[in-house]
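Derivation of every value follows stated rules applied to the coordinates shown; laboratory data play no part. This is a predicted model, so every value here is computed, not measured. No Cβ is skipped: glycine too gets one built from the backbone with ideal geometry, and neighbour counts run over all protein chains shown.
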């Protein structure tokens, strides 16, 4: 197989129907200067013409249309016309793909699939066999993706594009609550393409050890009451690196859009004209209770969920849900405000016997669960030395023994070194 660079080179497509419409986008993506000769265009090609992606000559093809082209693709549906074009191309020593009769041309279009910035193609030798090449392509792509995924999981792949210059971009990656195994495959793929990683204190920081040595890591982590890199400066860092033509991954704990200030970072990029995408992550609001064996909803117990930021204090909806036992409340970033939260809920009429659970360092080997009731929450947390990061769960689902038929006494262990055995 021969790779052909068509960037900036003229490619002639003869025909304006569905076959041509399937071929043209790949040529445009390769940077070719596409010229379509056809009396009429189907709708996808008309759209491409309106968007300035191709030149259209609205007539039948003539031999002089092949002057100055590097590649010809026939797709008229008229065997005689396609044969004529192929003959003209051969006379000019220009490679030609004959859509109706592959053996009649001097080039073949492979069955292709993209794997990152690598294009995998399969062509048949001898007599053309499009069906077989497609089957082989799909099987090969599946196997390559499996191998690549395995390498990514083990930190053995560096799939950064070997480019020089060009536009950079930013990818916000939700890293999950801390366990590297909860980082999504999409997140790992993004990290494997990164030139720069801007990371938080929380999340799967161990994955940074898997990066290639020349990947720049910028630590902008925050601790309670201490924000050495303010949010506007984080936005500036993302934009500045991307404008240098780099792929920038913003690795965040949890999910970027769940109290992660990801929206502000997206706005900073868009205002600067920097392309930005978001890869969702497993939020600690969901992962921490699950790792501790606490279902946030449970048939016959509760069917609604409310997630809140402890810094912002109570909402009326959360208080009503707890008071009426119709809602589970999950509080993020609430350790410093436990006393105020507990007293505020009690003053609003939430029963002091409402079950509570604090999950520290969720999904990590040092995860710990401390159980209490709303009335004893502050004192219990103080006695246990609970510290951030921790997630607070309030409601009937936090009662010990809910998922254990042996009852509450089977669930009193607080140190959970094996996070898969939370009860």
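Nearest-5 percent of antiparallel DSSP beta bridges in the stretch 186-311?
20 percent
Run the quick spin-label model on residue 304 and residue 340: label points 7 Å from Cα toward the beta carbon, then report their separation in nm to one decimal.
Calculated label separation equals 2.5 nm.
At residue 366 and residue 93, where each label point lies 7 Å from the Cα along Cα→Cβ, what is the point-to-point distance in nanometres?
Simple spin-label model gives 7.1 nm for this pair.
List residues of the stretch 266-301, by number, whose backbone nitrogen lies under 11 Å from a label position 7 Å along Cα→C-beta of residue 325.
301
Listing 27, 305 from the residue with the fewest other Cβ atoms within 10 Å to the one with the most, what is the order?
305, 27
Counting only C-alpha contacts under 8 Å and six or more residues apart, can you give the relative contact order of the stretch 10-109 as a whole percent?
27 percent
Taking 0.36 nm per intervening residue step and subtracting the Cα-Cα distance, what contour gain separates residue 208 from residue 40 on full extension?
That pair, residue 208 and residue 40, stretches by 55.0 nm at full extension.
Run the numbers for residue 55 and residue 243: contour at 0.36 nm per residue of separation, minus the present Cα-Cα distance, in nm.
64.5 nm
Given points 7 Å out from each Cα along the Cα-Cβ axis, report the residue 22 to residue 142 separation in nanometres with one decimal.
2.1 nm
So if R0 is 41 Å, what FRET efficiency would residue 382 and residue 184 give, r being the distance between their Cβ atoms, rounded to the nearest 0.05?
0.65
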